[in-house]
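The values are calculated or read from the model by the stated rules, or taken from the named source; none is laboratory data. Computed from a prediction, not measured in an experiment: that's the story for all the values here. Neighbour counts are summed over all protein chains in view; Cβ atoms, including those assigned to glycine, are modelled from backbone coordinates with ideal geometry.
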Amino acid sequence: METADIDFLISPCRICPRKCGADRQSSVGFCGAGKNPRVAKAYLHMWEEPCISGTRGSGTVFFSGCSLKCCYCQNYKISAESFGADISPKALGDIFLRLRDKGAHNINLVTPTHYIPQIIIALDSVKHRLDIPIVYNTGGYDSVSSLKLIDDYIDIYLTDIKYRSSVLSKKYSDAEDYFDVASAAAEFMISQKGKPVFDESGLMKSGVIIRHMVLPSCRRDSEDILDYIHSEFGCGSFLLSLMSQYTPFYRSSEHKEINRRISTYEYECVVEKARELGFEGYMQERSSAKEEYTPDFDLSGVFE
């Protein structure tokens, strides 16, 4: 992909499902992103799923901006407030190489959707020297057409399915069509990568992980999601990661029903449902709402 291809895709912008039409050459899109990738942190992250973080850490790059507007986002400083530094695609490629040299098991692209063309250029610039898996770590709000652009570069998809209910997705993330988009994206990801593949040490080499964070007062919706992915994808075509780490951040206080942590009962109901359906994967401990899950976005690793 060349610079002209970026210009074509982001002016007017149609990378994410919102297709906001912004001219990102001179302004920003709905996501808050302009022409160049904006990065808030790049480091070895130890708090992903064990098959991603391993013993040395996942080489994680946090991109600023987001096409979702989750009122409870724990990373709101970068997703909503767009903290970060604008860099060139070449500089981004250099970050990937530095993370590899530090021992990263993989390159973990966090919230990459709105920078797909720029990431492709970065990966093209280092592809002959980058010999570790590439992880596409997303909130799930991805159009299949954009995923097709980057799929050949991706080994592992780490995707959310946050909601089944359009009422909830509209209320909490301003995305009424979230489930239709996220379920289609997950279907594409699984069709492309197939069953998870691991190396001799248990690290994932390729495949899909579907994440779901249980929200307060929403356990029925969580159970509906589990029923759906079981009926559509079965149990062996991906790993399930259930998360209990919800903590009321950002604008959670605007909604009384989610302005608290989830209860043990709520989470255990969802975990039991997953066990009944026979899912393989990861179930966070109920006590996993820790500060470690919210990085200090201080630009570390960006300009080394």
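Please enumerate the residues belonging to the stretch 249-276 that are without any contact (Cβ under 8 Å) to a residue 40 or more places away in the chain, surrounded by 13 or more Cβ atoms within 10 Å (Cβ to Cβ) and more than 13 Å from PRO216 (Cα to Cα).
The answer is VAL271, and nothing else.
Given (1) modelled with pLDDT of 95 or more; (2) over 28 Å from GLY84 (Cα atoms), where does MET243 come up short, assuming only one miss?
Condition (2) is where MET243 drops out.
Could you list all residues from the stretch 29-45 that are touching a Lys or Arg at 6+ places or on another chain (Cβ under 9 Å) and part of a loop (DSSP other than H, G, I, E, B)? Reasoning before the result, please.
If we filter the stretch 29-45 for residues that are touching a Lys or Arg at 6+ places or on another chain (Cβ under 9 Å), which is where we start, we get 29-35, 40, 42-44.
Correct list: GLY29, PHE30, CYS31, GLY32, ALA33, GLY34, LYS35.
Any residue in the stretch 279-304 that's farther than 27 Å from SER64 by Cα: show its pairings with residues that are at pLDDT 90 or above and of a type in the set (Phe, Trp, Tyr) at Cβ separation under 7 Å, as long as the two are six or more apart or on different chains.
ARG286/TYR267
Please find, among PHE188, PHE198, the residue that is in contact with a helix residue (DSSP H, G or I) (Cβ under 8 Å, 6 or more places away or on another chain), closer than 20 Å to HIS105 by Cα and aromatic (Phe, Trp, Tyr).
PHE198
Among the residues of the stretch 226-248, how many are among the hydroxyl-bearing types (Ser, Thr, Tyr), farther than 14 Å from GLY278 by Cα and surrounded by 19 or more Cβ atoms within 10 Å (Cβ to Cβ)?
2
Please list, ordered by first then second residue, the pairs with beta carbon atoms under 9 Å, 6 or more apart or interchain, first in the stretch 124-137 and among the aromatic types (Phe, Trp, Tyr), second modelled with pLDDT of 95 or more and in a strand (DSSP E or B).
What qualifies is TYR136/ASN108; TYR136/LEU109; TYR136/ILE156; TYR136/TYR157; TYR136/LEU158; TYR136/THR159.
Hey, does the stretch 51-63 have a residue that's modelled with pLDDT under 95 and either assigned to a loop (DSSP other than H, G, I, E, B) or closer than 27 Å to ASP180 by Cα (or both)?
No.
Would you confirm whether or not the stretch 105-124 contains a residue that is under 22 Å from SER300 (Cα atoms), surrounded by fewer than 21 Cβ atoms within 10 Å (Cβ to Cβ) and touching an Asp or Glu at 6+ places or on another chain (Cβ under 9 Å)?
There is no residue in the stretch 105-124 that is under 22 Å from SER300 (Cα atoms), surrounded by fewer than 21 Cβ atoms within 10 Å (Cβ to Cβ) and touching an Asp or Glu at 6+ places or on another chain (Cβ under 9 Å).
For the stretch 132-158, name all the residues that are hydroxyl-bearing (Ser, Thr, Tyr) and buried (at least 23 other Cβ atoms within 10 Å of the Cβ).
TYR136, THR138, TYR141, TYR157
Since ASP221 meets every condition but one in (1) assigned to a helix (DSSP H, G or I); (2) without any contact (Cβ under 8 Å) to a residue 24 or more places away in the chain, which condition does it not meet?
(2)
Restricting to the stretch 256-293, and then to whatever is among the hydrophobic types (A, V, I, L, M, F, W, C) and over 22 Å from MET204 (Cα atoms), can you tell me which residue is modelled with the lowest pLDDT?
Ranking the qualifying residues of the stretch 256-293, first place goes to ALA289.
I want to confirm something. Restricting to the stretch 203-218 and keeping residues that are assigned to a strand (DSSP E or B) and among the aliphatic types (A, V, I, L, M), which single residue is farthest from the chain's Cα centre (by Cα)?
MET204
Given (1) surrounded by fewer than 19 Cβ atoms within 10 Å (Cβ to Cβ); (2) of a type in the set (D, E, K, R); (3) in contact (Cβ under 8 Å) with a residue 40 or more places away in the chain, where does ASP180 come up short, assuming only one miss?
(3)
For the stretch 111-150, enumerate the residues that are more than 21 Å from LYS35 (Cα to Cα) and among the charged types (D, E, K, R).
LYS127, ARG129, ASP131, listed by residue number.
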